[in-house]
Amino acid sequence: MKNLNVKAIFIGLFTLILLGSAAAVQAATLTVTKSTNSNDGVCNADCSLREAVDVALNGDTIVFSSNLIGETFTLGGSEIVIDKTLLIDGDIDGVNVVFLSGSGTSRHFRVTSGTLQIRNMILVQGNGVGGGLANTGGSIQTQAGSNIFLNRVSIRGNTALSSGAIYLGGGLQRIINSSLTGNTAQYCPGINNQLGQLFMANVTVSNNRDLDGVNDYGAICVSGSTEIRNSTITDNDSGRGGGIMMIATGTVEL
C-alpha cells in the first residue's frame, strides 16, 4: 500500500510538472507594429497595443517594434482593460520607450483581475474616464484582487477627481525605479492606496497638485499598507499631508 501511495504521489507530481511545462511553452511574445488605436481582434503584421492586449493569453509578453521610434501612442478615447496576467515592455530599442497618451479623454489602464506588469513606458494625459470607479485613477485604476508592477515607468501630467495618477483598489502593488510628477486631483493627486499592499522603491513623487484647495489630501493617500524605500517625495501641494496623508486604517513604513 505504501508503494502504491508513493507511486501515486510521483505520478501526480509528474503530471503537475508536465502541466507547468505546457503552460510555459504556451506563453507567447506579441509585437506591436503601429501606434494607431484599432482593434480587429487579430495581432499579426498589423497590430496595435489594444489588439495585442485583446488577443494575449495569461502570461504573455507584449513588446514594440523598433520601427515605432518617435511615435506617440493614443487610446482613441477609451481605456485598455486588463483581465489577465501580462507584461507590457515599452523598451523600443534600448534607448527610446513608448509614450502612451490618454489625450485627455480616458485613463490608460484599468486592471480588473490578474497582474499587469509595465516596464519602460511614459504615461501622460490620462483623465480618469472609464469603467470601474468614475473619475478615479487618472492613469491607472486597479480593482480589488488585481495587482500591478511598474518598473521604469513615468506617470506625469494626468488628472482625475480622485487619484490623479494611480488608484489602487487592493491587491499587491509594486512601483520601482519610476516617477509620478505633475499629476492633479481634488483628492490624492499622486497615488491613492485603498486597502492594498504597496511597495515603492527608488521612486520620485514630485510636483503633484491639489486642484481646488478644498478637498485636499496628500500626493500619496494611504488606507492600506505602504512601504517606501530610497525615494524622493518633494514639492507636492495640498492643504493637508502634502506628501503623505493617512486617511483611515493605513500604515506607512519609510
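The alpha carbons of the stretch 48-138 give a radius of gyration and a Dmax of 12.7, 36 Å, in that order. Taking 139, 238, 225 as the candidate residues, the one with maximal mean-square fluctuation in a Gaussian network model of the chain, Cα springs under 10 Å, is 225. Kirkwood-type hydrodynamic radius, the stretch 86-162: 12.5 Å, calculated from all non-identical alpha-carbon pairs.
When only the heavy atoms of the protein chains count and the probe is 1.4 Å, how do 54, 89 rank by accessible area, highest first?
Values: 54 85, 89 30 Å².
Result of the area sort, largest leading: 54, 89.
Of the trypsin sites (Lys or Arg not before Pro) found in the stretch 163-242, the ones in coil according to DSSP and having at most 16 other Cβ atoms within 10 Å of their Cβ are 240.
Normalised Debye scattering of the stretch 140-251 at q = 0.15, 0.20, 0.21, 0.23 Å⁻¹ gives log10 I(q)/I(0) of -0.51, -0.95, -1.06, -1.29, counting only Cα atoms as equal scatterers and leaving out solvent. Our helix-only sum for the chain, with -39,500 (n - 2.57) per DSSP H run of n ≥ 4 divided by its residues, gives a mean residue ellipticity at 222 nm of -4000 deg cm²/dmol.
The Cα atoms of the stretch 76-230 give a gyration tensor whose axes a ≥ b ≥ c have a/c under 1.5, which makes the shape rounded.
Rounded to the nearest whole Å², what accessible area per residue is found for the chain with the 1.4 Å probe?
On the way: 11230 Å² over 254 residues.
Value returned for the chain: 44 Å² of accessible area per residue.
Using a probe radius of 1.4 angstrom, the carbon and sulfur fraction of the accessible surface of the chain is 54%. FRET efficiency for the pair residue 31 and residue 177, taken as 1/(1 + (r/R0)^6) with r the Cβ-Cβ distance and R0 = 22 Å, rounds to 0.35. Taking all protein chains as they are arranged and a probe of 1.4 Å, the heavy atoms of residue 253 leave approximately 90 Å² accessible to solvent. In the stretch 202-254, if every C-alpha pair distance is counted and binned at 5 Å from zero, what percent goes to each bin? Values per bin, smallest distances first: 5, 22, 28, 25, 16, 4, 0. With every protein chain in place and a 1.4 angstrom probe, the accessible-area ranking of 95, 63, 205, largest first, reads 95, 63, 205.
The values are calculated or read from the model by the stated rules, or taken from the named source; none is laboratory data. This structure is a prediction, so every number in the text was calculated from the model and none was measured. For neighbour counting, all protein chains shown are included, and Cβ atoms are generated from backbone atoms with ideal geometry for every residue, glycine included. For the accessible areas, the whole protein counts, side chains as well, though only heavy atoms, and no ligand, DNA or RNA atoms are used. Shrake-Rupley method; radii C 1.70, N 1.55, O 1.52, S 1.80 Å.
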